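Here the structure comes first, spelled out in structure tokens, and everything after it is commentary.
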Amino acid sequence: MNKKNAPTMKDVAREAGVALGTVSKVINGLPVGDAYKEKVEAAIKALDYEVNTYARGLKTQKSNLIALIIPNTTNPFFAAFTDHIEGALYKRGLKLLLCCADGIPEKEVSCLSMATQNKVDGVIALTYSDIGKYIGKDLPIVVFDRFFENHVIPRVASDNYAGACLAIEKLLEFGCRHPVYVRFHSVFPGESDKRKDGYLYACSKHGLEPDYLDMLDNEDLSVQMKDFLYKHKKADNTLTFDGVFAHTDYHGYMFAKLLRQEGYRVPEDVQIIGFDGIHKFGNEDDELFVSSICQPVRQLAEKCVEILLAEDRSALPSLTLLPVKYQYGGTTIR
């Protein structure tokens, strides 16, 4: 059927044998009797009727569109987070507008502007800068991990501090005597910064001397890791450390690769625990790249959507933390 002859709501009402208002209620998700709903849905299917979402948005002031701003989808964690956000929205009859900002502050602001122009109903943001000052008071937003100066914006994150403590506890349980910490991080503050705080606390608790590589994100990641490794080589070529807590699974993977290139065995000589819980093929039943403190990605996505869509936003917590867990991934003894 061409556009000129496309069925209308009146046609659906006539086909279903119900009032036009009943069709409108069904289309807009308003309560009607089950029998009426079934008739309307059957008529919609029979006529191949397509809802004019743009026109409906003008009437209801709702676009049913949610924007997600993330750095990229090449990072497996960001990709998994995006997939679960889309799934959580779809279950609620909403669609996703995806904005990949590459961690560029100007691009993040541009993405936010584009989302606003598209009349989105809300924004979920995982950014590398503070875009809070660009958020209108009437636009619902939830931030994952990052810290915004705009304190009225709710944040969702994993319990990074407890996760770091758990990583050190596990390494010590597995026989490590000197675990180090390897971290490359953003210049912008976020909840993940608490992984270092957790490492330092765990060292203090167990009487360990803190020893870490702590650098801003840069293109010389492998060079910096190699320098750190060489500084910890003894005269007999053994290392002064036997365990590594990596700030992310990617850092853990890169450090394991370097160790093996240098002739060390993982996990026999050095055990490694990362943070994130990245699976090799994106499925939660698949192997991990490294043993890891796993973030509950699906639950984090659900919580972001749940908070974003809350009707009463006055009572929302400023920060919601979800628990993490350890999972074996081949770079520890168990």
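Scanning the stretch 245-259 for residues that are open to solvent by less than 80 Å² (accessible area, probe 1.4 Å) and under 21 Å from D193 (Cβ atoms) gives F245, A246, H247, T248, D249, H251, G252, M254, F255.
Whether a residue is at pLDDT 95 or above, within 27 Å of Y128 (Cα to Cα) and out of contact with any Gly (no Cβ under 9 Å at 6 or more places or on another chain) was assessed, and Y253 does not pass this test.
Conditions tested, residue by residue: (1) in contact with a helix residue (DSSP H, G or I) (Cβ under 7 Å, 6 or more places away or on another chain); (2) open to solvent by 70 Å² or more (accessible area, probe 1.4 Å); (3) more than 23 Å from K257 (Cα to Cα); (4) at pLDDT below 95.
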| site | (1), (2), (3), (4) |
| --- | --- |
| I135 | no, no, yes, yes |
| V180 | no, no, no, no |
| L200 | no, no, yes, no |
| L216 | no, yes, no, yes |
| M225 | yes, no, no, no |
| N237 | no, yes, no, no |
| G243 | yes, no, no, no |
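Annotation for the stretch 207-214: no member residue is open to solvent by less than 40 Å² (accessible area, probe 1.4 Å), small (G, A, S) and over 24 Å from P154 (Cβ atoms). When C176, C165 are checked against the criterion of being of a type in the set (A, V, I, L, M, F, W, C) and farther than 28 Å from T127 by Cα, C176 stands alone in meeting it. So which residues in the stretch 96-112 are outside any loop (DSSP other than H, G, I, E, B) and either more than 16 Å from I66 (Cβ to Cβ) or over 17 Å from the mean Cα position of the chain (by Cα) (or both), if there are any at all? Matches in the stretch 96-112: P105, E106, K107, E108, V109, S110, C111, L112.
Sub-7 Å Cβ pairs linking a first residue in the stretch 64-91 that is open to solvent by 10 Å² or more (accessible area, probe 1.4 Å) to a second residue that is acidic (D, E), at least 6 apart or interchain, are N64/D121; L65/D121; N72/D102; F77/D276, ordered by first then second residue. In the stretch 141-150, is there at least one residue being of a type in the set (V, I, T), buried (at least 21 other Cβ atoms within 10 Å of the Cβ) and in contact with a Phe, Trp or Tyr (Cβ under 8 Å, 6 or more places away or on another chain)? No - not one qualifying residue is present in the stretch 141-150.
The set of residues from the stretch 63-121 being in contact with a strand residue (DSSP E or B) (Cβ under 7 Å, 6 or more places away or on another chain), among the polar types (S, T, N, Q) and closer than 24 Å to Y253 by Cβ comprises N72, T73, T82.
Entry remark, the stretch 23-43: residues being open to solvent by less than 40 Å² (accessible area, probe 1.4 Å) and part of a helix (DSSP H, G or I) number 6 in total.
Selection of first residues in the stretch 15-42 that are without any contact (Cβ under 8 Å) to a residue 24 or more places away in the chain and of second residues that are exposed (fewer than 13 other Cβ atoms within 10 Å of the Cβ) and in a helix (DSSP H, G or I), restricted to Cβ pairs under 9 Å at least 6 apart or on distinct chains, gives the following pairs, ordered by first then second residue: L20/K10; V23/K10.
The values are calculated or read from the model by the stated rules, or taken from the named source; none is laboratory data. Worth saying up front: this structure is predicted, and the values here are computed from it rather than measured. Glycine gets a Cβ as well: all are built from the backbone with ideal geometry, and neighbour counts include every protein chain shown. Heavy atoms of the whole protein, side chains included, go into the accessibility calculation; ligands, DNA and RNA do not. Shrake-Rupley method; radii C 1.70, N 1.55, O 1.52, S 1.80 Å.
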